[in-house]
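Peer 1: One structure is given below, represented as structure tokens, and several questions about it will come after.
The values are calculated or read from the model by the stated rules, or taken from the named source; none is laboratory data. Values in this document were obtained by computation on a predicted structure and should not be read as measured data. Cβ atoms come from the backbone with ideal geometry, glycine included; neighbour counts cover every protein chain shown.
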Amino acid sequence: MKIIKAGIKHIDELTELFDLYRQFYKKKSDKDSARKFLTQRIKRNESVIFLCHDEYGTAIGFTQLYPYFTSVGMRRAWILNDMFVKKENRKLGAGEKLIESVRKFAEKTSSGFVMLETQKTNKNACRLYEKMGFKPDRERRYYYLEI
């Protein structure tokens with residue numbers, strides 16, 4: 001497996017994976033909108049995307065980070081917003097390799113932390129994140145204001 005920092009030249013592979021990711025979360029397939037969304041993020045430097053290829057060069061997973069800043073800590077941080085590995089490629093280490101790439105990138109960018117959110121029912125993801133050193137937040141309560 002090989003992890004790369006994705007760019008606009010990887011948009012076809014990313015679009016396919018991103019569309020599958022959204023379907024995993026019960027959204028309708030919409031590759032045109034997915035392509036547009038990802039293209040905007042990349043061209044505007046609004047996110048960092050890591051792409052995982054298998055030994056044959058096929059894209060099998062990705063993770064997308066968004067920048068975040070902590071005023072109290074006066075540092076950059078990252079939100080690990082999206083993480084997906086194709087169903088047939090799970091449990092082969094792709095998720096671990098993607099997270100390790102995120103960790104190295106966060107260290108390289110002198111970040112204070114990486115945070116993420118996942119559904120409590122996503123047990124496999126929760127196990128992976130905890131295995132890779134993420135700790136559930138027991139001190140904070142998160143609120144959302146939907147617009």
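Peer 1: Do we find that GLY95 is closer than 25 Å to PHE37 by Cα and among the small types (Gly, Ala, Ser) in this structure?
Peer 2: yes
Peer 1: Going through segment 1-12 one residue at a time, which ones are surrounded by 12 or more Cβ atoms within 10 Å (Cβ to Cβ) and either outside any helix (DSSP H, G or I) or in contact (Cβ under 8 Å) with a residue 40 or more places away in the chain (or both)?
Peer 2: Those that are surrounded by 12 or more Cβ atoms within 10 Å (Cβ to Cβ) and either outside any helix (DSSP H, G or I) or in contact (Cβ under 8 Å) with a residue 40 or more places away in the chain (or both): MET1, ILE3, ILE4, ALA6, GLY7, HIS10.
Peer 1: Being surrounded by fewer than 15 Cβ atoms within 10 Å (Cβ to Cβ), assigned to a helix (DSSP H, G or I) and in contact with a helix residue (DSSP H, G or I) (Cβ under 8 Å, 6 or more places away or on another chain): is that true of THR15 here?
Peer 2: When the stated conditions are applied, THR15 does not pass them.
Peer 1: Sort out for me the strands (runs of 3 or more DSSP E) sitting completely within segment 28-132 that have 2 or more residues that are within 19 Å of LYS2 (Cα to Cα).
Peer 2: Here the list reads 48-53, 59-70, 75-85.
Peer 1: OK, next. When you scan segment 93-115, how many residues do you find that are more than 20 Å from TYR66 (Cα to Cα) and surrounded by 14 or more Cβ atoms within 10 Å (Cβ to Cβ)?
Peer 2: 1
Peer 1: Which one is farthest from ALA77 (Cα to Cα) among residues in segment 116-147 that are in contact with a Phe, Trp or Tyr (Cβ under 8 Å, 6 or more places away or on another chain) and surrounded by 10 or more Cβ atoms within 10 Å (Cβ to Cβ)?
Peer 2: THR118
Peer 1: Would segment 108-123 turn up any residue that is under 20 Å from VAL85 (Cβ atoms) and among the small types (Gly, Ala, Ser)?
Peer 2: no
Peer 1: Within segment 37-50, track down each residue that is out of contact with any helix residue (DSSP H, G or I) (no Cβ under 9 Å at 6 or more places or on another chain) and either modelled with pLDDT under 95 or exposed (fewer than 13 other Cβ atoms within 10 Å of the Cβ) (or both).
Peer 2: GLN40, ARG44, ASN45
Peer 1: Out of segment 51-85, which residues are surrounded by 18 or more Cβ atoms within 10 Å (Cβ to Cβ) and among the aromatic types (Phe, Trp, Tyr)?
Peer 2: Answer for segment 51-85, where residues must be surrounded by 18 or more Cβ atoms within 10 Å (Cβ to Cβ) and among the aromatic types (Phe, Trp, Tyr): PHE62, TRP78, PHE84.
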